[in-house]
Amino acid sequence: MAQPGRLGASSPAQNGAVSAEGTPYSNGPVQNTLMHSQVLVSQGYSSPFPESYPHQIPTKTPLNPASGLSNYGDSQAVSSLNSYQRPGQTLSRLPLEPNPVTPLQNTIPLSRMSSPPSSQTPGAIPASSDSFLYGPNPSLSSNWHYGHPQVGSKINHFVPVSTQPSLSGNTNLSRNNQCTSLGAPSLQNNYMKTGSISPPTNQPLPTIFQPTRAPIGPPPSGGPPLDPQRKISNSVPPQPQVISTVNQEGDMSTASNGSVVENSYDAIEGGGFMASSQLTNQNPKMSRNVGYSYPSLPPGYQNISPPNMSERPSTTLQYTSGLQPFSQSPLGANHLTTSMGGLSLHSEGLRVINLLQERNMLPTASLKAPVPNLHEDIQKLNCNPELFRCTLTNIPQTQTLLNKAKLPLGLLLHPFKDLLQLPVVTSSTIVRCRSCRTYINPFVSFLDQRRWKCNLCYRVNDVPEEFMYNPITRVYGDPLRRPEVQNATIEFMAPSEYMLRPPQPPVYLFVFDVSHNAVVTGYLNLVCQSLLDNLDSLPGNTRTKIGFITFDSTIHFYSLQEGLSQPQMLIISDIEDVFIPMPENLLVNLNENKELIQDLLKTLPQMFTKSLETQSALGPALQSAYKLMSPTGGRISVFQTQLPSIGVGALKSRDEPNQRSSAKEIHLTPSTDFYKKLALDCSGQQVAVDLFLLSGQYSDLASLGCISRYSAGSVYYYPSYHHQHNPVQVEKLQKELKRYLTRKIGFEAVMRIRCTKGLSIHTFHGNFFVRSTDLLSLPNVNPDAGYAVQMSVEENLTDIQVVSFQSALLYTSSKGERRIRVHTMCLPVVSTLNEVYLGADVQAITGLLANMAVDRSISASLSDARDALVNAVIDSLSAYRTSVLSSQQPGLLVPFSLRLFPLFVLALLKQKSFQTGTIAHLDERVFAMCQVKNQPLVYLMLMTHPNLYRVDNLSDEGALNINDKTIPQPSILQLSVEKLSRDGAFLMDAGTVMMLWVGKNCGQNFLSQVLGVPNYASLPLYMTYLPDLDTAESARIGGFISWLREHRPFFPVLYIIRDESPLKATFLQYMVEDRTESALSYYEFLLHVQQQVNK
């Protein structure tokens, strides 16, 4: 166990699990097993298809017995499928809506899980008692060591994954392998901008990703003539389509070009740097008549010669219309060869600030992400920081340099975020590096028209001829104009090689607590009515299935068999050994049985109104739900109102009011591993569990939350919910439930993060299960979830100038399409400590430290996490003072990029997750920690350091005009009572809650025109909404609040408070710069940091 006060990789961020016996789970028949072949043997993820799918995809036969590839499906013959279209022939596609799935039969075996998989969390490294652990080979000092690699960490070495001989071609993967053609530009491309470095407060990046022209059709029939010596099954390769979508689903093209499909998603998505280059030329041994083939780690593009093409010359093709001359795009990388010798630093970026003299450093507008110091043409192509963000926008060359900076290196991702527009490419060829499986992206280098160099492993790859065609310009010959090379965020419609089984149907199972305590809250009326209102808006297609379970001390199933006049309840009283009665009638097709489903939702709230049953058998109900869902996968939505009291998973109260304000002896760890083990079982069967906790009493969220954390679900918490006594929570549940039911969803997903050779990933944060070293299992993925990873510099980066990071999310859409969403980010490499500090992203650093502190709170103690957060500031500023500053001046000196670092850390210490001295309910603290681990950075920062606005004098100056509505943009104020005025009104936006404080002497105009009261005395003590008045002032503030609420995954409730209101104390708690009984003021905190730095 890691010693206190230091956040290290020994924290439970890696969501692996080990049972007491230490044996791995066998995760049943429907398993997205994205692991390497050697992992498959040990963890038992290879398994047959579920029998519930009547339309199996063709069998894939083993290519080579020695390769470790396994076949799947029945022993049917391999059909001859060609992926190339003939002249005038359209590309064959899978039907948009696959055949309906037949009802589940009782004959489907329900697999039992034996024991959980091996933990991905390596052992702890001894640490000092007062700091976080960051780097490799840490000393026992009080400093933070960032980037600590662990046993089993993802190191970007090219490690073979099989015993196959390597290709006889270019397999030298070192960076010294320079493969250029006559006249080709140098491979040592300089991405760095000369003359200046952008200051940390640059303009935001655009959020719209789209091709430069409207979508177009296929290329001219016939295409370019092929070499007469080439023999393939058809004459013209399939051409891609680019669809610029607005959150829409398109056709899915199928590429049945004889690729190898292992029963392993790790092989399908590609093995990262653990995949070797020895992609043996096995494809010609297949019994299919194919053109281009995919390698043994499908489905990345492998440019080896197809069958019968060994004689093909390497010269460029001669097109009928004349070959387009090859010229590098102005946005390409190859022309950026300027040396860094003339690099100068912007004066603002190098400005040294004495925080004791300049405390008011908070910008008046939202803080923007720093823009990397890249050439402006390259930066235009970089990934939007709302999607992909690094804590350091200047990557240190060595781990030693990173250790000196005392700053964490990591990534923060929002990979499935709703986008206004997103380029979607439909093509049977997805171009990927043959070695590391990186998807082609804007930051690769094209050596000539036929070859490109990977920006992660530096392997030189061939450009497939299909990639020569630009679907936007309808021109052959310029691969740099392809949308894949023009967009850092792009989505591919995946061909069949990315599927281990037919895409699963959308399946939704709702599990309701109907004990007496639940009936009293009245939540069931609202939930059932919301389901009725949004039934037609559930993401899905004609295959969508739905089912319902209720429970108190017994389990109630509901048969919705076609032909019944009303739903039939089936009660299981033996909760010690639950089973599924009539499984074929419990999950039914939504479209075919809509009337029965609507009848059930209308009658369900009244069925238990007179129930006096107080017991709650949540554990057996979850077991039943898992057994019902395991043949197909899907989403389980659980509504719980109390502590589970009987059956497996029963819990006892651990909330001790006397310990709430202490940083010690609070129960943040689960009291049982039942929910974690069940979550891992669910993850193995592609089932995610979302928990809605509506309780006014302690419900042990620390234990219950594991069911969502390890199954990639979400947790929603509504303390003291009651349909009459707490109308604010009723409105919040109603709004958030509508968003939950109708938002986009991805099923059976996996995500892998790749990085340039020399960097390594060692710790993940978020809700998921780590399937293999670097592969996250996400049975469900939603657009509201964020993730974080910690990284280290494993090998020196002295011979390169930029590094790249790429996340690939492979998922099944609600329409039954297999899709891949790819984000790529490029950052410069620097060699001096000053440049490392210059590129620090203080918000990303704060977000990553918050995730690390949650893990430290659970693995050690809350006080250790708080100490480590404080030491994070002290260590980094001490390093800056001793290693960068030439003269030791008095005061607390910080670089401009870290001017808000002490303020944000102080805000973290006062955030509900880590605060002391307040009577915070244990479940509320645990829920705040859940939000830290699962919220995207923008919302996490808002919850940590709220925005304060003065709103009684809003004007149209600087306002936004959105949909013909004027949205005022008031300045952001410091979080101190010094900024409040009794003659004004101030709005506090804390993310999940908003508070409008009205001063005693507030102007009569605001009271009457906005609040609708004649004077201050008439203002109610408890007011939760703004009246809808026909005044300009009311329209301004109403539009501003609506704009703040818009697009958030949660609904911020609004409280209007006055001086005498009981909520005033809560409002003042958000004033993080002021002193409280148990916490320092901002100035006192700065003095403490200065004292420690100057020691």
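The values are calculated or read from the model by the stated rules, or taken from the named source; none is laboratory data. Bear in mind the structure is a predicted one, so any value in this text is a computation, not a measurement. Please note: Cβ atoms are built from the backbone with ideal geometry, for glycine as well, and neighbour counts cover all protein chains shown. Areas reflect the complete protein model, heavy atoms only, side chains present, ligands, DNA and RNA absent. Shrake-Rupley method; radii C 1.70, N 1.55, O 1.52, S 1.80 Å.
When we screen Pro408, Pro385 for residues that are buried (at least 24 other Cβ atoms within 10 Å of the Cβ), modelled with pLDDT of 95 or more and farther than 17 Å from Arg821 by Cα, the only hit is Pro408. Taking the conditions (1) buried (at least 16 other Cβ atoms within 10 Å of the Cβ); (2) touching a residue at least 40 places away in the same chain (Cβ under 8 Å); (3) within 30 Å of Gly917 (Cβ to Cβ) in turn, Phe1040 satisfies each one other than (3). Would a scan of the stretch 501-517 turn up a residue that is open to solvent by 10 Å² or more (accessible area, probe 1.4 Å), touching a residue at least 60 places away in the same chain (Cβ under 8 Å) and under 30 Å from His722 (Cβ atoms)? Checked the stretch 501-517: at least one residue is open to solvent by 10 Å² or more (accessible area, probe 1.4 Å), touching a residue at least 60 places away in the same chain (Cβ under 8 Å) and under 30 Å from His722 (Cβ atoms).
Going by what's in this entry, would Val803 be described as in a strand (DSSP E or B), in contact (Cβ under 8 Å) with a residue 12 or more places away in the chain and within 19 Å of Cys454 (Cα to Cα)?
Values: in a strand (DSSP E or B): yes; in contact (Cβ under 8 Å) with a residue 12 or more places away in the chain: yes; within 19 Å of Cys454 (Cα to Cα): yes.
Judged against the criteria, Val803 is a match.
Residues that are surrounded by fewer than 17 Cβ atoms within 10 Å (Cβ to Cβ): list the helices (runs of 4 or more DSSP H) wholly contained in the stretch 575-690 that include at least 3 such residues.
Of the helices (runs of 4 or more DSSP H) lying wholly inside the stretch 575-690, those with at least 3 residues that are surrounded by fewer than 17 Cβ atoms within 10 Å (Cβ to Cβ) span 594-607.
For the stretch 736-776, the tally of residues that are under 30 Å from Val829 (Cα atoms), within 11 Å of the chain's Cα centre (by Cα) and open to solvent by 10 Å² or more (accessible area, probe 1.4 Å) stands at 0.
Restricted to the stretch 839-888, and to residues there that are acidic (Asp, Glu) and part of a helix (DSSP H, G or I), the residue that is most open to solvent (accessible area, probe 1.4 Å) is Asp867. Hey, any hits in the stretch 956-965 for a residue that's assigned to a helix (DSSP H, G or I) and either touching a Gly at 6+ places or on another chain (Cβ under 6 Å) or on the phi > 0 side of the Ramachandran plot (or both)? No; the residues of the stretch 956-965 include none that is assigned to a helix (DSSP H, G or I) and either touching a Gly at 6+ places or on another chain (Cβ under 6 Å) or on the phi > 0 side of the Ramachandran plot (or both). Only strands (runs of 3 or more DSSP E) whose full extent lies in the stretch 384-426 are considered here, and the ones with at least 3 residues that are closer than 17 Å to Thr846 by Cα are 388-390, 410-413. In the stretch 541-551, which residue that is open to solvent by less than 10 Å² (accessible area, probe 1.4 Å) and not basic (Lys, Arg) is farthest from Arg819 (Cα to Cα)? It comes out as Phe551. Residues that are open to solvent by less than 30 Å² (accessible area, probe 1.4 Å), in contact (Cβ under 8 Å) with a residue 24 or more places away in the chain, within 29 Å of Arg899 (Cα to Cα) and out of contact with any His (no Cβ under 6 Å at 6 or more places or on another chain) do not occur anywhere in the stretch 1053-1066. Residues that are among the basic types (Lys, Arg), more than 25 Å from Lys732 (Cβ to Cβ) and assigned to a loop (DSSP other than H, G, I, E, B) occur at least once in the stretch 972-991. Go over the candidates Ser913, Ser897 one by one and state the one that is touching a residue at least 40 places away in the same chain (Cβ under 8 Å), surrounded by 22 or more Cβ atoms within 10 Å (Cβ to Cβ) and more than 24 Å from the chain's Cα centre (by Cα). Only one candidate passes the filter, namely Ser897. Here Arg474 clears all of (1) within 26 Å of Cys826 (Cα to Cα); (2) among the basic types (Lys, Arg); (3) surrounded by fewer than 22 Cβ atoms within 10 Å (Cβ to Cβ) except the condition numbered (1). Only one of (1) modelled with pLDDT of 95 or more; (2) buried (at least 20 other Cβ atoms within 10 Å of the Cβ); (3) in contact with a helix residue (DSSP H, G or I) (Cβ under 9 Å, 6 or more places away or on another chain) fails for Leu480. Which number is that? Going through (1) modelled with pLDDT of 95 or more; (2) buried (at least 20 other Cβ atoms within 10 Å of the Cβ); (3) in contact with a helix residue (DSSP H, G or I) (Cβ under 9 Å, 6 or more places away or on another chain) one by one, Leu480 breaks only (1). Scanning the stretch 1004-1026 for residues that are surrounded by 15 or more Cβ atoms within 10 Å (Cβ to Cβ) and more than 36 Å from the chain's Cα centre (by Cα) returns Phe1006, Leu1007, Ser1008, Gln1009, Val1010, Leu1011, Gly1012, Val1013, Tyr1016, Leu1019, Met1023. Is there a residue in the stretch 777-784 that is more than 28 Å from Arg459 (Cα to Cα), in contact with an Asp or Glu (Cβ under 7 Å, 6 or more places away or on another chain), crowded, with 24+ Cβ neighbours inside 10 Å and in contact (Cβ under 8 Å) with a residue 40 or more places away in the chain? There is at least one residue in the stretch 777-784 that is more than 28 Å from Arg459 (Cα to Cα), in contact with an Asp or Glu (Cβ under 7 Å, 6 or more places away or on another chain), crowded, with 24+ Cβ neighbours inside 10 Å and in contact (Cβ under 8 Å) with a residue 40 or more places away in the chain. Consider Ile972 carefully, then state whether it is surrounded by fewer than 23 Cβ atoms within 10 Å (Cβ to Cβ), in contact with a Phe, Trp or Tyr (Cβ under 8 Å, 6 or more places away or on another chain) and either of a type outside the set (Lys, Arg) or under 30 Å from Leu651 (Cα atoms) (or both). So Ile972 passes the test. In the condition set (1) open to solvent by 20 Å² or more (accessible area, probe 1.4 Å); (2) in contact with a Gly (Cβ under 9 Å, 6 or more places away or on another chain); (3) modelled with pLDDT of 95 or more, His1088 is compliant with all but (2).
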